[in-house]
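Report on the structure given below.
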Amino acid sequence: MTDRIGDRALLVLPVFPEDIPAETRSRLEETAGLAEALELDLVSAFEAPLRKPSAATLLGRGKVDEIGEMAEDENVGLVIVDAHLSPGQQRTLERAWKAKVIDRTCLILEIFGLRARTREGSLQVELARLAYERSRLVRTWTHLERQRGGQGFIAGPGETQIETDRRLLSERIIKLRKELEEVRRTRGLHRDSRRRSAYPVVSLVGYTNAGKSTLFNYLTGESVLAKDMPFATLDTTLRVVDLPHGRRIILSDTVGFITDLPPDLVAAFRATLEEIKEADLLIHVRDISSPHTDEQAEDVMEVLATLEAGTESGQAIMEAWNKADLLDEEDQRFIKARAAGADIPSVPISAEKRENIDALLELIEEMLARQAHEIEIVAGPHDSAARAWLFQHGEVLDEGVTGEGGITRLTARLDPAAAGQFRQKFPDLEITRLN
């Protein structure tokens, strides 16, 4: 892939008879937004009806000819096919249209490459890009079919240039995977350190551009990039947040999801996305103003299932219905009633306007309380360290003197991890109740 794909482009969405019209229109608009994020001059975006996919070109011959004429008339140098193309299909279409052809995977990879800011993000994007390009070497560099001779009088013809480049790509991929494995190991150490802090981890997840980073910035007082663009945030950010009743959590924000997120990207970003899997609570941030919010929510759940996270893996999850301020009054009343009866605990908010954030924080506290253990101890004057630890890492529900000599009975609510840490840290302390 090049740094700039081109300026003038066409966008083609293959549509099958069983596809739902509203969903195809939404997908076309979304992909057009992805193209515009690359600052492409999108000449036209249209659907291409398809009854049966062609093994050679995906699209039918008549549609291929029609698009070729359009590309020539409009002086288009790039055609985006919003589907997954095989290397052979990509190569055949480029010959037919005399223009560069990319599929949905390539388009998303280009955007990720543009958004990557940290070394970790760059490594992950490069790994996904190389995995994608390895099977397309023959498409990109036809001159690589020449053979390179071996050295010496008895050496054979040697490997072809394309074999050499494929081998070099494989070696680079292996190196990147090793570097990312080190990133994964380091992240694991950081997670272990956070577990020792006994603070629950709450992770924001959601469809790209749903407003996760805007919400994160408001709750943490940070300035993570938050723009009205796809994949504004690629790198996971974690910050400590104090809840209204004094409880402290670690809040994380990470990359947004999208329909048909390329498997190579999911695999490359696994080290980052494991933060989601290890969270004590997921907050699914949804753009409730979008007419396709339910379909987007399904896409998010599919990615979570791929990561072995979410409700199917027994992970606690709640929903923040963001951008509620963009709805009219009648729709706002409707979603408020819908949230009250939703199967997943939900609350309508506006991260941009700072509306109903208190209700969101209360729901976070309630969700974490459902997972908590109540612990009751009998402490003497010499157990001041244990008392201080409970006040710092949990929520003290009750404390009273039970007898002479400063003996007190204290009841506190702790997260499961904190309860285990308390027992390890103070093994000699009498615990009268733990549930």
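The values are calculated or read from the model by the stated rules, or taken from the named source; none is laboratory data. Because the structure is predicted, anything quoted here is derived from the model rather than measured. Glycine also receives a Cβ, built like all others from the backbone with ideal geometry; neighbour counts cover every protein chain displayed. Quick note on the areas: whole protein, heavy atoms, side chains included, nothing else; ligands and nucleic acids left out. Shrake-Rupley method; radii C 1.70, N 1.55, O 1.52, S 1.80 Å.
Given R₀ = 30 Å, FRET efficiency for His382-Asp358 by Cβ-Cβ distance, to 0.05?
Result of the calculation: an efficiency of 0.15.
If His84, His373, His393 are ordered by their accessible area, calculated over protein heavy atoms with a 1.4 Å probe, which sequence runs from highest to lowest?
The residues order as His84, His373, His393, largest area first.
Relative to 2.2 N^0.38 Å, what does the C-alpha radius of gyration of the stretch 11-124 come to as a ratio? Two decimals please.
This ratio for the stretch 11-124 stands at 1.10.
For the stretch 6-89, what % of the accessible area comes from carbon and sulfur atoms, probe 1.4 Å?
48
Note the per residue figure in Å³ for the convex hull of the C-alpha positions in the stretch 295-367.
103
Could you work out the Kirkwood radius for the stretch 1-73, taking every pair of different alpha carbons, averaging 1/r and inverting it, reported in Å?
About 13.5 Å for the stretch 1-73.
At 0.36 nm per residue, and after removing the present C-alpha to C-alpha distance, how many nm does the segment from Thr432 to Arg51 gain when stretched out fully?
Contour length minus Cα-Cα distance gives 130.2 nm.
Which distance in nm do the two modelled labels at Asp65 and Asp7 give, with both placed 7 Å along the Cα-to-Cβ direction?
For the pair Asp65/Asp7, the computed spacing is 3.2 nm.
Calculate, for Val396 and Glu366, the FRET efficiency according to 1/(1 + (r/R0)^6) with r their C-beta to C-beta distance and R0 25 Å; round to the nearest 0.05.
Efficiency, rounded to the nearest 0.05: 0.90.
At 7 Å along the Cα-to-beta-carbon direction for both Asp260 and Arg95, put a label point, then send me their distance in nm to one decimal.
Rounded to a tenth, the inter-label distance reads 2.4 nm.
Considering just Cα atoms, how many Å³ per residue does the convex hull of the stretch 329-387 enclose?
With only Cα atoms used, the stretch 329-387 gives 124 Å³ per residue.
In whole Å, what are the extents of the stretch 260-316 along the principal axes defined by its C-alpha atoms, from largest to smallest?
Ordered largest first, the stretch 260-316 gives principal extents of 32, 26, 16 Å.
Between Lys277 and Glu181, how many nm apart are label points set 7 Å from Cα along the C-beta direction?
Going from the Lys277 label point to the Glu181 one covers 1.6 nm.
Going Cα to Cα from Lys353, which aspartates and glutamates come in below 16 Å? Please leave out same-chain ones fewer than 8 positions away.
Those aspartates and glutamates meeting the cut-off are Asp228, Asp287, Asp325, Asp328, Glu329.
Accessible surface of Met367 in the full protein assembly, 1.4 angstrom probe, to the nearest 10 Å²?
For Met367, solvent-accessible area is about 10 Å².
According to the Kirkwood expression over distinct Cα-Cα pairs, how big is the hydrodynamic radius of the stretch 40-104, in Å?
Answer for the stretch 40-104: a Kirkwood hydrodynamic radius of 11.9 Å.
Find the eigenvalues of the gyration tensor of the Cα atoms of the stretch 339-435, then list the square roots of 5 times those eigenvalues as equivalent ellipsoid semi-axes, largest first, in whole angstrom.
35, 13, 12
Mind putting a number on the dipole of the stretch 1-136 about its Cα centre? Charges go on the C-beta only, +1 for Lys and Arg and -1 for Asp and Glu, and I need it in Debye to the nearest 20.
It comes to approximately 600 debye.
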